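The structure appears right after this line, and notes come after that.
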Amino acid sequence: MLVFATGGTIGMHETDGGLAPDPDFPEVLERLVGGICRPLGVEARINHLLPAIDSANADAETAPRIARAISARVRTHRPRGVVILHGTDTLAYTAARLAFELSGLGSPVVVTGSQRPHGAAGTDAVDNLAMAVRASVRAAPGAPVSIAFGGSILPAARATKHDSVSLTAFRAELPLAAGAAGVPAAPAAHDSPAAPARVLSFRLTPAVTAEDLRAVAGGGPGGLVLECYGSGTAPVARPGMLGTLRELSAAMPVVAITQCATGGVDLTRYAVGRELAAAGVIDGSDLTVEAATAKLGFLLDRGHRGEDLRALMERNLVGELAD
């Protein structure tokens, strides 16, 4: 099996300046993984992302870079399973992107990390690592990407970090949706982008104005996830709001999701939602913000645009939404 360490709290130790990467972690990880794998009769290969990243510094390139590294290693070594170590701050974002990038890889992929460093009192590092290793080598080759954390195995396409300190920091409010269509082939004659698409999210609040929404697009993102109220409403009666949404939707894909923990968006339910749809906003159903940004970025990077992209955003590809 393959263990791919990218950084995060699991590989840190306490210093006078706070938690920092532990230079001895590669040797520590060798011992930990060996102790877990030997009883399972599994040989482990450990690779490290260099330089390691603090997950708070993850950017639009991080998850695609990890996906490329994993894909290359799986093609070469054909491991029974893959475990990715990642910092918890953006673990759900990376795992959601990998759910699309690594769909059909042929080796089960499990993402994990820890809330406490490997050598700290009461650390969750060893338990999470052991659970991830066992899950990866016991899963079927076509199993979806998952997260192992705090005693639970969660679908990456549905998971979110809900607690900043608890050892059970992640949860999935919904299981994978049935009837996934699978990831489509990239459009013909598509060249890889020079840089991955930047997808931003914008959370509506009662004080928001059209100018605020326009400012979010000022940096030239490739797409926008609009975190709406309830089942897909927004302050469209506010001066300039609908016009701004029309302008943004003409310039980039805008996907509506709900701020609620459960349920989802249905832009046909309320008149306000229908106005959003008429302005060009895409219905994101029950996507999490992590899955919405991951899916939109993935499809943009694959070259999907216009009505093709809209149709794919509203279709269940890997269990990420109910369509």
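The values are calculated or read from the model by the stated rules, or taken from the named source; none is laboratory data. Note that this is a predicted model, so its numbers are computed, not measured. Quick reminder, even Gly has a Cβ in these numbers, built from the backbone with ideal geometry, and neighbours come from all protein chains shown.
Observations on the model:
- Check on ALA140, closer than 20 Å to CYS37 by Cα, out of contact with any Cys (no Cβ under 7 Å at 6 or more places or on another chain), in a loop (DSSP other than H, G, I, E, B) and assigned by TED's automatic domain parsing to the domain that holds ASP54: yes
- Contact annotation: residue pairs with Cβ atoms under 6 Å, 6 or more positions apart or on different chains, pairing a residue in region 163-192 that is assigned to a loop (DSSP other than H, G, I, E, B) with a partner that is of a type in the set (Asp, Glu), are LEU167/ASP124; ALA169/ASP163.
- Evaluated against (1) in the same structural domain as PRO79 (by TED's automatic domain parsing); (2) farther than 25 Å from GLY284 by Cβ; (3) touching a residue at least 24 places away in the same chain (Cβ under 8 Å), MET131 falls short on exactly one condition, (3).
- Restricting region 62-93 to residues that are outside any helix (DSSP H, G or I) and among the charged types (D, E, K, R), the residue that is farthest from ILE36 (Cα to Cα): ASP89
- The C-beta contact set for region 45-61 (first residue part of a loop (DSSP other than H, G, I, E, B), second residue modelled with pLDDT under 95, distance under 7 angstrom, 6+ apart or interchain) comprises ALA52/PRO21.
- Criterion (without any contact (Cβ under 8 Å) to a residue 60 or more places away in the chain, in contact with a Gly (Cβ under 9 Å, 6 or more places away or on another chain) and more than 19 Å from GLU314 (Cβ to Cβ)) met by exactly one of ALA250, ALA215, ALA234, ALA210: ALA210
Each row is one residue, and each column tells you yes or no for (1) surrounded by 14 or more Cβ atoms within 10 Å (Cβ to Cβ); (2) within 27 Å of the chain's Cα centre (by Cα); (3) outside the structural domain of LYS295 (by TED's automatic domain parsing); (4) over 14 Å from LEU204 (Cβ atoms).
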{"site": "GLY240", "(1), (2), (3), (4)": "no, no, no, yes"}
{"site": "THR244", "(1), (2), (3), (4)": "yes, no, no, no"}
{"site": "PRO253", "(1), (2), (3), (4)": "yes, yes, no, yes"}
{"site": "ILE257", "(1), (2), (3), (4)": "yes, yes, no, no"}
{"site": "CYS260", "(1), (2), (3), (4)": "yes, yes, no, no"}
{"site": "VAL265", "(1), (2), (3), (4)": "yes, yes, no, no"}
{"site": "GLY273", "(1), (2), (3), (4)": "yes, yes, no, no"}
